[in-house]
1. Let's test the formula: R0 of 25 Å, r as the Cβ-Cβ distance of residue 171 and residue 225. What FRET efficiency results, to the nearest 0.05?
2. How many nm is it between the label spots at residue 303 and residue 242, if each spot is 7 Å from the Cα in line with the beta carbon?
3. Quick one: if the Förster radius is 25 Å, what FRET efficiency do residue 31 and residue 11 give, using the C-beta to C-beta distance and rounding to 0.05?
4. For residue 375, list long-range residues whose amide hydrogen, built 1.01 Å from N in the peptide plane, is under 5 Å from its own amide hydrogen.
5. Between residue 296 and residue 179, what FRET efficiency follows from the Cβ-Cβ distance if R0 is 56 Å, with the result rounded to 0.05?
6. Expected output is a single nm value to one decimal: the length gained when fully extending between residue 131 and residue 202, i.e. 0.36 nm times separation in residues minus the C-alpha distance. What is it?
7. Identify all aspartates and glutamates with a Cα-Cα distance to residue 141 below 12 Å; exclude those on the same chain that are fewer than 8 residues away in sequence.
8. Sorted by accessible area with a 1.4 angstrom probe, largest first, how do 124, 437 fall?
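The values are calculated or read from the model by the stated rules, or taken from the named source; none is laboratory data. It should be emphasised that the depicted structure is a prediction, and the values quoted were computed from it without experimental measurement. Using ideal geometry, Cβ is built from the backbone for each residue, glycine included, and neighbour counts are taken over all protein chains shown. These area figures cover heavy atoms from the full protein model, side chains too; ligands, DNA and RNA do not enter into them. Shrake-Rupley method; radii C 1.70, N 1.55, O 1.52, S 1.80 Å.
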Amino acid sequence: MLRSLRFRLPAFFLASIVLAGIVAAAIAFRLLDSYTLSRARADLKREASGLTQLYAYWTAHSNLPLPGKQLSKASGDRLYFIPAYPGFALFPKEAPRFQHLSRRTVPIDEMRTGRYIAVAHPLFLGADHDFFGAIVAARPKNQLGTRVIPLVARLGIALLGGLLAAGLLALYLTSRITRPVRKLSRVADDIAEGLREVEIPHVPGGGEIEHLADRLQEMTTRLAEAEERERSFLMSVSHELRTPLTAIRGHVEALREGLVGDPAVSLDVIAEEASRLERLVGDVLDLAKLDAHRFTLTREEVDMERVCERAYAAFGEEARRRSIDYRHEIEARPVIVTDGDRVLQIITNLLSNAFRWTPDGGRIELALSAENGAVAVAVDDTGPGIKPEDRERIFRAFWSRGGGGGTGLGLAIARELAEALGGRIELATEIGRGSRFELVLPGDEPA
C-alpha cells in the first residue's frame, strides 16, 4: 500500500504543500515581525516627539509639574528623561517630571540586550530653544509578541484549511491519474501471462498516459504478429525440413532394398536435398548471428562484376527450364573494399526472391552500376508486385507472403547484411507489373 502510486502521489503532493506552507509561514512571520517592530518604532518616535512638544508648552504656560506617571500609564509605554547635565532638574524646587534615565534608576542593560525598543527625542525649552535633555519612550518587546501571536494563530488555521482543501484535491487528482494507470497495469499483467487478445483502455485528454496506452497497444499488436510469424515459420521450416528428409529417406530405402535401377540418380537426389537442408539451416544460423550481433565481416578487394556474374550464373538453369527472359546488364566494373561472400549472398537472396514470384515466361534482370561514390546492384522482376502495407513486412524475419513458399528469411537476411556492410536495400514496386530491389553499397575503393 505504501509503495503504490495511489499513496505516494497524494503523500508527495501534501508534503510539498506542507513544506511550502511552512516556508511561507516562516517568511510571513519574519515580515510581520519586522513590520510590527518598524511600526512600534514609528509610534514611539511620534510619542516622544509629542511629549517634548507638550512638555515645552506646559513649562512655558504653567508652574505645575507635568504628571509623568499618568502620561506613562496612559500611553502604555515607559517614559524616561535624560538630563543634559548631571543633577539637572527641570524645576529645582520640584521633583523632575520624568524619571531620569541612568544606570541607577533604569535597566539600561536590558535595553542593550534587545528586550526594549526605545526612541529618544531632544527637549528644547525657552525662547532660545536651549537643549535641556531628551525624553525617551520605551516599550518592552514582549508586548509586541502579544500582537503577533493572534495573527500567527490565524495563519495556522488558514494553513490547516489549505491543507484540508489540498488533501481533497490531491485525492481527486490522484484518482483521476492513477485510474487509467491501474487499468494499464492490469493489462500489462495479462500480456505478461501470455494473453494477446486484450482490450487497451482508452485514455482521453492526451498526455503521457495516453501515449503509454498507445504504445502498449502497439506493443501488444507487434507481439501478436511476432508470435504469428514464429508459428508460421515453424510450420514452414517443418515443411521445408520434412520435404527433403522424406525424399532422402525414400531413396535410401530404395537403395537398401535394391529397387533403384540407376543408383547414381538416387545419389544425386540425396545430394541435392542435403544441400537444400544445408541452405535452410545456414539461413537460420545467419539470422540468429545477425540478431545477436555476432556476425563477423571481412574486408577485401571485391570485383563487383565477377560477384554479379557468379550470382547470375547460379539461376541460369532455372530460368531456362521456366522459360524466363533472364538478362544481366553491366554498366560499370567497380572494385570496392567489402565482404565479397556476403555481397554474393545478398544478391543471391534477391534473385531467389525474384524467381520465387516471377511466373513462368516472365522477365528478370540483374544490373550493375556505379555513380556518386556508390555501387548499385538492381534486381527487376515481373512478379505480382507488393502491396503498400506489405512493403515493410517483407523484410521481417519469418514473414512470407501467401503462395510464394519459402521460409521468409531471405529478404530479412539480405537487409541485415546490407546494413552491416554500410549499405541499404531500396524497393520500388507496382501492383501487377513487378518489383525492383536495389542493393546500394558505399563505393570504397582500395587504397
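1. The calculated FRET efficiency here is 0.05.
2. Output for this residue pair reads 4.7 nm.
3. Efficiency, rounded to the nearest 0.05: 0.25.
4. 441, 443
5. It comes to 0.60.
6. Between residue 131 and residue 202, full extension yields an extra 16.8 nm.
7. The qualifying aspartates and glutamates are 33, 77, 110.
8. Largest accessible area first, the list is 124, 437.
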